[in-house]
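Every read-out reported here was derived from the displayed coordinates using simple, explicitly stated rules and does not represent laboratory data. On a predicted model such as this, the values are computed, not experimentally measured, just so you know. For neighbour counting, all protein chains shown are included, and Cβ atoms are generated from backbone atoms with ideal geometry for every residue, glycine included.
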Amino acid sequence: MSENAAESKRNIRQTNALVRALVEQETLDYPFWVSGVVTHCFVSNFGHVYFELVDEDYSINCMVREPVRGTLSFTVNNGIEVEVFGTVRVYEKTVKVQIEVEQARVIETPKPALDTSVLEQLQAKGLWPRTKLPLPDTIHQIGIVTSKQSDALKDFEDHYRREGGLARYKIIDVRLQGQQAPREIADAINRLNREKQVDVIVITRGGGRASELTVFNDPLIVEAICRSTIPVITGIGHQRDDTLADQAADFSAITPTAAASHLAKQRTNAAVTPIQTQNSHAAIYVVGFLAVAAIIMLVIVLITTR
């Protein structure tokens, strides 16, 4: 190691302090407005609000201190689109970059009207209005149509297991936005219907801007749902969101976690899998064998003690 390299050595604390100084000296005198959709929102024990502000594929952490929170004219919740005004701060211990919010306001975005012409096309084909399908008596496997990289999939899986859901998953990886997304999602629904390996289909994605969710108004997706002989559940966006896919689905949940909760709480999900059934039978045989053995031993003891 050269003498200059040895002299420039720092520990982690010094390195983090340097990063903080470099970032904050460039931003502290320049507060700014930035907009996005609120996700992963929670309130700390001290009353501060923490959340992520998401815009397409990018996000940044934000913090609203408790005194500032009291001045806001609205409650910060997941799914709302907001503008925040503040400066970039760095939490030194973990070099976590976040905006310290001084002001915030809701962006009032008019809810886009659903294209009723799509429903008229389906009506002409005899597919609308759709007769809603009930959930099956036994749910062994759930077909999930979403992106494998999406937070919605992780949220669904975690919440479903936490709520006691027992079914297996078959995940079809698709794009959730862009020109190719409608065809991929529709093909996934059609494929699951052809294979007939799942008992229910879940279409899910997390929240976003209204423009990002319009893909679920596409005629290809809506028609695939209407033609499905397997019950379809949607968990798209947040409570404020509504799409034609939601209207066509057999059950529409307000979020991916709500869809997971609805399935997990179905009494039919308690149905055991074949492996579990075999294990149960084996346990009964073992208990029966031990009981018979105990009776035989008791008889032997009684005979020998006479």
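Descriptive notes on the structure:
- Each distinct pair of alpha carbons in region 116-270 adds a 1/r term; the inverse of their mean, the Kirkwood radius, is 15.2 Å.
- Kirkwood Rh (inverse of mean 1/r, distinct Cα pairs), region 79-186, angstrom: 19.2
- Partner aspartates and glutamates for LYS125 [C-alpha distance under 13 Å; skip if fewer than 8 residues away on the same chain]: GLU223
- Spatially, region 175-220 and region 21-59 are offset by 31 Å when compared through their Cα centroids.
- Once the Cβ-Cβ distance of ALA124 and ASP55 is raised to the sixth power relative to R0 = 41 Å, the FRET efficiency obtained is 0.60.
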